[in-house]
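The structure appears right after this line, and notes come after that.
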Amino acid sequence: MILTILRHGKAVERDAWHGDDKDRPLTRDGITQCRAALRALAGVVQAEEVWTSPWKRARQTADLAAEIWDLPLTECPWMAAEATEIPDWTRHLRGAGEVVLVGHEPDLGRFIGLMIGGRPAPLKKGGLAVLEGMPRPGQMELRLHIAPKQVLAIADS
């Protein structure tokens, strides 16, 4: 299995947001940066669908990924920040094909660490990791871990 992990793009800062954190959206710059990075990664990502946290910033990022990569999108309440224990995520992957998971830190970094049998591997906003192997704790290998600025630098060259 190839599992792509994508952190949501740059969102409105928490101290500048007055609503519920789950409703905090991407910034205009975050949307622009996500679009450019996702286009640059179109040839790299091998997936059949996008699964996302229902929180607004993740959903907006997932909508962009699904559109740019021409993939179906599924909203997964279990991926919402603080919704479930990270080890429980693995049961949702049983029988899944190649998927992109779009979510939040620190959950994504902890999930990556669990799957590769190591320490957490946090992602920058808009960052991406690719894991390969059996979707069980300690059974996957980290194939790529990249920040959006690195993707954009490669795309510009």
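No value in this document is a laboratory result; all are computed from the given coordinates. Only a predicted model underlies this, so the values are computations on that prediction, with no experimental measurement involved. With ideal geometry, Cβ positions are generated from the backbone for all residues, glycine too; neighbour counts draw on all protein chains shown.
Values as computed for the structure displayed
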item	result
Nonlocal amide H pairs with Ala121, under 5 Å, H built at 1.01 Å	Arg110, Ile112, Gly113
Helical segments meeting 30 Å axial Cα length and Kyte-Doolittle -1.0 threshold in the chain (DSSP H)	none
Relative contact order (percent, whole number), the chain, Cα cutoff 8 Å, 6+ residue spacing	30 percent
Read-out Rg and Dmax of the Cα atoms in Å, derived from the coordinates shown; its label in (i) 14.8, 48; (ii) 15.3, 55; (iii) 14.4, 42	(iii)
Peptides 11-17, 101-107 ordered by average Cβ neighbours within 10 Å, highest first	101-107, 11-17
Cα-centre dipole for the range 40-149 with unit charges at Cβ (Lys and Arg positive, Asp and Glu negative), debye to 20	420 debye
Proximal lysine pairs, the chain, alpha carbons under 15 Å, eight or more residues apart or interchain	9
Expected 222 nm ellipticity per residue - DSSP helices of 4 or more, -39500 (n - 2.57), all of the chain, to 500	-9500 deg cm²/dmol
Packing-based ranking, highest mean first, of 124-132, 140-148, 50-58 given that Cβ atoms within 10 Å are counted	50-58, 124-132, 140-148
